[in-house]
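The values are calculated or read from the model by the stated rules, or taken from the named source; none is laboratory data. Worth saying up front: this structure is predicted, and the values here are computed from it rather than measured. Heads up, the Cβs are rebuilt from the backbone with ideal geometry, glycines too, and the neighbour counts pull from every protein chain shown. Keep in mind that these areas ignore ligands, DNA and RNA; they rest on the heavy atoms of the full protein, side chains included. Shrake-Rupley method; radii C 1.70, N 1.55, O 1.52, S 1.80 Å.
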Amino acid sequence: MFKASSRKFALSIFAMLACGFFSLSAQAKLSEFTLQNGLKIVVKEDHRAPVVVHQVWYRVGSNYEPNGITGISHMLEHMMFKGTAKLKPGEFSKLVARMGGEENAFTTNDYTVYYQVVGKQHLEDVMRLEADRMRNLQLDAKEFATERQVVTEEWRWRVQDRPESKLYQAFKAMAFVNSPEHHPVIGWKSDIDSWSLDDLKSWYQRWYAPNNATLVVVGDVDTDHVLNLAKRYYGPAKAESIEELKPQVEQAQLGERRLKMKGATQLPNLLIGVHVPTLKSAENAQQRQEVYALSLLNDLIDGDDSSILTKELVRKQKSVVSASSYYDPTEKLSSLFTFEATPSSGFSSEEVEKRFWEMIKQLQDKPVSEAALQRVMAQTEANYVYRQDSMRGQAMLLGSLVSVGLPLDTIDHWLLNLRKVTPQQIQAVAKKYFDPEKATVAILLPNGEKPTSAQQMSLQTKGVH
């Protein structure tokens, strides 16, 4: 099973949105429904190929987990393939494979997703299979013990053996004190060791219900036919009494937070983060417009080979081997605008940090040129045209928006709102949010040991934590 890092997945979803991935109104028929049991349904017809994407999104992830059982959403994702009263462990995947289809699952901070890509003639088959495990999962003690070992090995490979992942985990935990963003998706190791089968059963019973899920179907389908199938297979599922979580709003950061650690790595690593709003967490219209300005600022800093990071730090100064920035405007809670860099030989992390803030100071002191802003917008609009071919991508974007509580027309309005951003607004958000006295900084230094094979792989897939 695919166990994507939530950070990587969020980046891919945001890339689709930031690039105006597709137009809901222009491309095909889009419909929304809600069944009597509370299941939300989104159907988008796309008749270019005889293929259908079928996804179920549960509104639960690491941001829903209390201390003591962190990572339980990810563990439940593993267990969803271990059988029901009708299916033996692993049989779900075998049946989809016999259809010639593809199936997978992933867990993030805000949701857990299960999907299949099959020929359109198999839509009813996968819908029947997925609906079965929504409420009829068999949670066996032996399977639980075995799969906990699998997750433990995954933790070792993804975190313990990768100093950069350890750094990022500590960085997030330091940046978010009282927000559930503090917790890693895979969970803290002590919690993984302490999960019980009852914990898993309670979590499944509480969150895996039709009134906490969204069904997304995209492809060569007829909307009425999809709705009738959904009523037949998902309609009988009973709703659950789901209590809203109490707000856990991150407290304002009052000063700099700094961490330095050592690990078996060949090169140092630097992370800098500042707290910023998202479309969901924005408190008013002004903050929502700031989100669009922050998105364009991110593109200016790290959009392509002509971005500021590449031109200044990589090519001109040669102070970094690689550098990137990251911002996801569609997260459910407040987010971080993050800068990451690997210093070049002869440059310390502190020197690269200094140069980063010098770059930010220039953006604060003088608005970017209209030409630079238009260049970024031209790239965005070009991608708007060229990135309309993936049915799976369309489904991913639709499901992610609904799951965090954003309206589907966010996509159609995205380019329009980006076009309203001015150089002065970009300068204003740089001034407002990029304060070194309120930043979180984490530095990784080599400890002299040779990197493990997992760490070598981490270097090849840099930026994934």
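Projecting the Cα atoms of Pro247, Ala105, Ser281 onto the charge dipole of the chain (Cβ charges, centred on the Cα centre) puts Ala105 farthest toward the positive pole.
Taking every C-alpha pair closer than 8 Å and separated by at least 6 residues, the mean separation divided by the residue count of the range 257-446 gives a relative contact order of 41 percent. Is any residue of the range 256-299 close enough, with backbone N under 13 Å, to a label point placed 7 angstrom from the Cα of Ala428 along the Cα-Cβ axis, and if so, which? Counting only backbone N, you get 285-294. Labels on offer are (i) 23.4; (ii) 19.8; (iii) 21.6, and the one holding mean projected area of the Cα convex hull in nm² computed from this structure is (iii). Computed from Cα atoms, the angle from the helix 6-18 axis to the main principal axis of the chain rounds to 80 degrees. Where only DSSP H runs of four or more residues are counted, the chain gives -13000 deg cm²/dmol as its mean residue ellipticity at 222 nm, each run worth -39500 (n - 2.57).
Which angle from 0 to 90°, rounded to the nearest 10, does the C-alpha axis of helix 223-233 make with the longest principal axis of the chain? Value to nearest ten degrees: 70. Distances between placed amide hydrogens fall under 5 Å for Ser335 paired with Val276, Thr278, all partners being 5 or more residues away or on another chain. Take each peptide in 33-43, 229-239, count the other Cβ atoms within 10 Å of every residue, and average; sorted highest first, the result is 33-43, 229-239. 3J(HN,Hα) along the range 181-188: 4, 4, 8, x, 4, 6, x, 7 Hz, from the Karplus curve 6.51 cos²θ - 1.76 cosθ + 1.60 with θ = phi - 60°, whole Hz, x for Gly and Pro. Amide H contacts of Val321: Thr342, Ser344, each under 5 Å away and 5 or more positions distant or on a separate chain (H built 1.01 Å from N in the peptide plane; Pro and chain starts excluded). Distance from the alpha carbon centroid of the range 36-112 to that of the range 221-253 works out to 13 angstrom. Peptides 152-164, 278-290, 122-134 ranked from most to least packed, by the mean per-residue count of other Cβ atoms within 10 Å: 122-134, 152-164, 278-290.
Element breakdown for the chain at a 1.4 angstrom probe: carbon and sulfur atoms account for 51% of the accessible area. The solvent-accessible area of Leu267, taken with every protein chain present and a 1.4 Å probe, is close to 70 Å².
In the complete set of protein chains, residue-level accessible area for Lys431 is approximately 120 Å², probe 1.4 angstrom. Relative to the longest principal axis of the Cα atoms of the chain, the long axis of helix 197-207 makes an angle of roughly 90 degrees. Computed with a 1.4 Å probe over protein heavy atoms only, the accessible surface of the chain comes to 42 Å² per residue. How about Lys88: which lysines have a C-alpha closer than 27 Å to its C-alpha, ignoring those fewer than 8 places off in the same chain? In chain and number order, the partners are Lys3, Lys120, Lys142, Lys201, Lys231, Lys238.
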